[in-house]
Structure formats: structure tokens, C-alpha cells
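Take a look at the structure set out below.
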Amino acid sequence: MKKILFVLSLLVSLGIYAQNSNEEALQDLINVRQKSIEFYKSYPQQLADAARSLENPNVVYDPSYVRIAYPNGDVASDHGVCTDVVIRAFRKAWGWDLQKTIYEFQKEQFPNRKLDRNIDHRRVRNLMEFFDAYFDMTQLYNTYENEYRKGNIIIWDLGGGQLHIGICVANDTIIHNICCGQVIEPMYMQDRVIRNYSFEPDFHRTIMTGYMRQWEDLSK
């Protein structure tokens, strides 16, 4: 009888320990989730600040093909095109290497495509393919004030197969390089906008989905 009581007592203790462990694990998930949400909310400001710091009207618009290092390659800082503003802003904000990201994305999504690590990430269309896959796109038909919000990434179709890209450094204010350096200007050519990305990447939702699944498993 004493042995039976001891075993029952042990099982109850283990059950309480397991319950406490689950509760602690759930709390850890809640804390991590909250920190992730708080960090996510700062993304637009971080990107806008990094982009604003790149303002330099003396940067020469130069679409020449250049062989660059990989990863983290870049053309000369006093040269570049519109895509280089985005590439440099991502790198400055988070150390995010879009050169490597775009190369690996294309390699996975388009295995038969001929790739070039020197130039592919500097093409607007390739960036657009990646952003279409992983970023939220604001509805283009809405007319709300401040539709072009700080931290948003904008793509224009200039006609004749030419695309252009820039970043909102404040509401309705962009930095871009269309001809005359990395300059900050009021938002323009709204009728030519084909993409208006807000910074809520799918990988953030994927992380949150993973947390919720763990939560559900622990709660069973």
C-alpha cells in the first residue's frame, strides 16, 4: 500500500511539474511574441531612417554592369541606380543583404533561369518578384490620406518596360534615384504606381504561426 501511495504521489508531483512547465513555456512564447511584435512595429521607422541617411544628390546615376563581390557586394558608393537605394537602405537598417537574398530566392523559385549575382538584385523586376512573394501590398485603389506611408516601398511603371523603385522616408515623401542622385522629394506620379509595399513580411507571420502552433500543442 505504501508503495502504491508513493507511486501515486510521484505521478501527481510529475503532473504538477509538467503543468508548471507548460505554463512557463506558454509564458515564454507570449513574451517572445510580444517582443517580436514590438520589433516588427519599428521596421518602417528603421527602414525610413536608413533610407533618409542615404540622401546624396551627388551620387551619379550609372546603370553600367559592374562585377562586384558576393555576398554583400556593392558598386561604388558615389554611383548607382534606383535599386541601389533600396539595397543600401536594407543593408544599413538591418545588415540585410538583398544581393544574396535575391540570388537564393531566384535559384529556388526559378531553377531554369540564368542567374547573375552581379546584377540580378539591381533589377527592379527581380526585387518586385521577391517583394510580391513576401511583403504585404497596400491596395492601390484606395484614396486615404498618407497612403504612401513611412517605410513603404514604391514601384512605378514608367512605360516602355522601364520600372522604378523608391522608399518612403516619411508619409508621402520618397527617396529615390531616377537621374539626379539619391534625393528626397514629395511623392509623385501616383498614376504610375504599380506596387506599394508595407513592411509586414510573411516571415513575420510565419514566426507567429509557429508560436501559435506550439501554444496549441502545449495547451492540449
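Cβ-Cβ distances below 6 Å connect the following pairs, each with a first residue in the range 53-78 that is more than 13 Å from residue 91 (Cα to Cα), a second residue that is outside any loop (DSSP other than H, G, I, E, B), and a separation of six or more residues or different chains: 55/182; 55/184; 56/182; 57/183; 59/80; 59/182; 60/79; 62/79. When 207, 178 are checked against the criterion of being modelled with pLDDT of 50 or more and either surrounded by 13 or more Cβ atoms within 10 Å (Cβ to Cβ) or over 23 Å from the mean Cα position of the chain (by Cα) (or both), a single residue qualifies: 178. Of 93, 89, all but one fail to be in contact with an Asp or Glu (Cβ under 8 Å, 6 or more places away or on another chain) and of a type outside the set (Asp, Glu); the exception is 93. Within the range 37-81, the set of residues being assigned to a helix (DSSP H, G or I) and β-branched (Val, Ile, Thr) comprises 37 only.
Scanning the range 167-201 for residues that are of a type in the set (Ser, Thr, Tyr) and assigned to a loop (DSSP other than H, G, I, E, B) yields a total of 1.
Would a scan of the range 4-26 turn up a residue that is modelled with pLDDT under 95, among the small types (Gly, Ala, Ser), surrounded by 12 or more Cβ atoms within 10 Å (Cβ to Cβ) and part of a helix (DSSP H, G or I)? Yes, because at least one residue in the range 4-26 is modelled with pLDDT under 95, among the small types (Gly, Ala, Ser), surrounded by 12 or more Cβ atoms within 10 Å (Cβ to Cβ) and part of a helix (DSSP H, G or I).
If we scan the range 152-166, do we find a residue that is assigned to a loop (DSSP other than H, G, I, E, B) and touching a strand residue (DSSP E or B) at 6+ places or on another chain (Cβ under 9 Å)? Scanning the range 152-166, I find at least one residue that is assigned to a loop (DSSP other than H, G, I, E, B) and touching a strand residue (DSSP E or B) at 6+ places or on another chain (Cβ under 9 Å), so the answer is yes.
In the set (1) at pLDDT 95 or above; (2) surrounded by 17 or more Cβ atoms within 10 Å (Cβ to Cβ), residue 152 fails one condition alone, (1).
The values are calculated or read from the model by the stated rules, or taken from the named source; none is laboratory data. Only a predicted model underlies this, so the values are computations on that prediction, with no experimental measurement involved. Virtual Cβ from ideal backbone geometry, glycine too; neighbours counted across all protein chains shown.
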